[in-house]
1. Using only the alpha carbons of the stretch 80-143, determine the length spanned along each of the three principal axes and report them from longest to shortest in whole angstroms.
2. Hey, for a label at residue 159 modelled as a point 7 Å past Cα toward Cβ, could you say which residues of the stretch 117-140 have their backbone N under 19 Å away?
3. So, counting K/R as plus one and D/E as minus one, what does the shell of residues with Cβ under 12 Å around residue 111 add up to?
4. I need the calculated FRET efficiency for the pair residue 148 and residue 191, taking r as the beta carbon distance and R₀ as 41 Å, to the nearest 0.05.
5. Can you compute the modelled spin-label distance between residue 169 and residue 78, with each label point 7 Å from Cα toward Cβ, in nm?
6. Per-residue HN-Hα couplings for the stretch 94-109, Karplus 6.51 cos²θ - 1.76 cosθ + 1.60 at θ = phi - 60°, whole Hz, x for Gly and Pro?
7. Test of understanding: what is the full-extension gain from residue 15 to residue 30, defined as 0.36 nm times their sequence separation minus their Cα-Cα distance?
8. Pop out the ³J(HN,Hα) list for the stretch 124-136 in order, Karplus 6.51 cos²θ - 1.76 cosθ + 1.60 with θ = phi - 60°, rounded to Hz; leave Gly and Pro as x.
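Each value in this text was obtained by applying a stated rule to the coordinates, not by laboratory testing. All values derive from a computational prediction rather than experimental measurement. Ideal geometry is used to build each Cβ from the backbone, glycine not excepted, and the neighbour counts take in all protein chains shown.
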Amino acid sequence: MAYDRYVAICKPLHYGTLLGSRACVHMAAAAWGSAFINSLLHTASTFSVPLFQGNALDQFFCEIPQILKLSCSDAYLREFGLVLISLFGVSLCFLFIMLSYVQIFRTVLRIPSEQGRHRAFATSLLHLAVVSLFISTGMFAYLKPSSISSPSLDLLVAILYSVVPPAVNPLIYSMRNQELKDFLWKVAQMTLFH
């Protein structure tokens, strides 16, 4: 999304060549491939740990920190290494996103029309907010000290990074659609005034 916004705003005349189907396939393959390798490493590391405290998790899905709490061995050092590798990858992605948005905001500030600046800022800021929410809550979930861990806090953080961003993304993309905006406005009016 950051690269798409960058090309659309900063290099609009080159959009078709820079974001053709081949570039999209490469970006999707890189994202899916790196996610698959990362999850494969974490899964192999986690499931090689013996569990002596039962198999019931205080979570709504099978999450690595929750599985490690059930472990009887000292697997935290191995998992910490994998978390550092993941953190490095996430940091690179976040740095790329931030650099893209710096360029986007520099370009948007040069747009003479107020309406053009508003439209460009609106979608960019919403995407940046969702990415920041996902990364910050994910990092908090995996890097928080166990002394501040509680089942309710773990559940809240897991919901924040696993449910909210995917639920909000379609709204962000579709808010550029005037028909959807009109529909939501009508629904809000009917709800408030009836």
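1. 49, 17, 9 Å, listed from the longest principal axis down.
2. Within reach of a label on residue 159: 130, 133-140.
3. With Lys, Arg at +1 and Asp, Glu at -1, the neighbours total +3.
4. Working: r = 39 Å, r/R0 = 0.95.
Calculated value: 0.60.
5. 3.1 nm
6. For the stretch 94-109, the Karplus curve yields 5, 4, 4, 5, 5, 5, 4, 6, 4, 5, 4, 5, 4, 5, 5, 5 Hz.
7. That works out to 3.4 nm of additional length.
8. Ordered by residue, 3J(HN,Hα) equals 5, 5, 5, 5, 4, 5, 5, 5, 5, 4, 4, 5, 5 Hz.
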